[in-house]
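Enquirer: To start, I am sharing the structure in question, which I have written as structure tokens.
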Amino acid sequence: METNMTPHVLGDDIIVIEDLYKDFGSVVAVNGFSLTVRRGEVIVIVGPSGSGKSTVLRCINHLEMPTSGSVYIDGVRLEDKQTDINLVRAEVGMVFQQFNLFGHLTVLDNITLAQRLIRKRDKKEAERIAMEQLERVGIPEKAHAYPRQLSGGQQQRVAIARSLAMNPKIMLFDEPTSALDPEMIKEVLDVMLDLARGGMTMVVVTHEMGFARSAADRVVFMDQGNIIEMESPKVLFNDPKHERTKMFLSKIISH
């Protein structure tokens with residue numbers, strides 16, 4: 001694969017976003033967003049609905065094409081015409097609000113499908129890795145169940161296991177608990193917290209401020225398509241500098 005390496009994205013920087021713009025017609029979703037993520041770092045992005053958080057994630061995974069600006073994944077510039085996007089995407093796991101599981105396949109088959117198609121693993125190896133990841137997310141006994149037989153929290157844990165089975169360098173989470181009942185949220189956040197503690201590079205869009213406090217190295221507060229403030233959780237939650245950040249946190253954090 002052409003790596004298109006450039007000096008400023010070598011070393012510990014695994015995601016580099018430079019002056020990212022994305023518009024949908026007259027609506028500007030992302031407006032000059034820049035961020036560098038180091039290997040093993042956990043970035044949590046928070047902000048009001050419509051602030052561009054999910055669009056940034058989708059640009060990192062090239063599900064959306066930036067209007068302008070650049071995204072580098074491990075030194076590879078996604079916008080370069082020589083870049084094989086599917087090869088890059090194989091290194092980036094993404095977990096969505098909805099679980100996106102195939103209803104007609106068992107849990108095991110859901111987790112082995114991409115491994116066999118993209119990683120070219122044989123059935124035995126793919127199933128071994130799938131079971132390892134189901135153990136990791138705490139539901140190995142559900143291997144032969146179908147998605148409809150699982151709770152929402154269990155389905156989301158299967159979706160996480162499916163991404164992890166591909167051995168990604170980066171995991172992206174787009175509000176992974178927003179479709180869950182309150183009692184199921186903790187089981188998914190516990191899996192994500194365990195991943196963060198294990199050194200996985202993660203970019204997480206969430207409204208779960210407890211997770212941000214526990215897991216994030218840095219918290220990014222976005223509004224109107226750009227970064228208003230970016231600090232450690234301790235600083236951002238206890239001593240935000242910007243009035244917009246203070247207003248947002250006062251509404252979302254219960255006192």
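Enquirer: Conditions: (1) in contact with a strand residue (DSSP E or B) (Cβ under 9 Å, 6 or more places away or on another chain); (2) open to solvent by 50 Å² or more (accessible area, probe 1.4 Å); (3) at positive phi; (4) not basic (K, R). G40 meets all but one. Number of the miss?
Expert: (2)
Enquirer: Tell me whether segment 224-241 contains one or more residues that are under 16 Å from the mean Cα position of the chain (by Cα) and free of Cβ contacts under 8 Å to residues at least 60 places away in the same chain.
Expert: If we filter segment 224-241 for residues that are under 16 Å from the mean Cα position of the chain (by Cα), which is where we start, we get none.
The answer is no; no qualifying residue exists.
Enquirer: Further question: Out of V158, V88, I need the residue that is assigned to a helix (DSSP H, G or I), at pLDDT below 95 and more than 26 Å from S49 (Cα to Cα). Which one?
Expert: V88
Enquirer: Taking only pairs six or more apart or across chains, which ones have beta-carbon atoms under 9 Å, a first residue in segment 198-216 that is closer than 14 Å to K169 by Cα, and a second residue that is surrounded by fewer than 22 Cβ atoms within 10 Å (Cβ to Cβ) and of a type in the set (K, R)?
Expert: Taking only residues 6 or more apart or on different chains, the pairs are G199/R39; M200/K169; T201/R38; T201/R39; T201/K169.
Enquirer: What strands (runs of 3 or more DSSP E), lying completely within segment 162-255, carry at least 1 residues that are open to solvent by less than 50 Å² (accessible area, probe 1.4 Å), closer than 30 Å to T106 by Cα and of a type outside the set (G, A, S)?
Expert: Numbers: elements: 170-174, 201-205, 218-223, 226-231.
Correct list: 170-174, 201-205.
Enquirer: Residue under question is D80, and the condition is that it be at pLDDT below 95 and among the acidic types (D, E); does it hold? If you could, list the steps in order and put the result at the bottom.
Expert: Numbers: at pLDDT below 95: yes; among the acidic types (D, E): yes.
Criteria met by D80.
Enquirer: Moving to a separate point now. Quick check on segment 114-128. Is at least one of its residues in a loop (DSSP other than H, G, I, E, B), at pLDDT 95 or above and open to solvent by less than 20 Å² (accessible area, probe 1.4 Å)?
Expert: no
Enquirer: Of all residues in segment 100-120, count the ones that are in contact with a Lys or Arg (Cβ under 8 Å, 6 or more places away or on another chain) and among the hydroxyl-bearing types (S, T, Y).
Expert: Counting residues in segment 100-120 that are in contact with a Lys or Arg (Cβ under 8 Å, 6 or more places away or on another chain) and among the hydroxyl-bearing types (S, T, Y) gives 1.
The values are calculated or read from the model by the stated rules, or taken from the named source; none is laboratory data. Remember, predicted model here, so these are calculated numbers, not experimental data. Don't worry about glycine lacking a Cβ; one is built from the backbone with ideal geometry, like all the others, and counts go over all protein chains shown. For accessibility, only protein heavy atoms count, side chains too; no ligands or nucleic acids. Shrake-Rupley method; radii C 1.70, N 1.55, O 1.52, S 1.80 Å.
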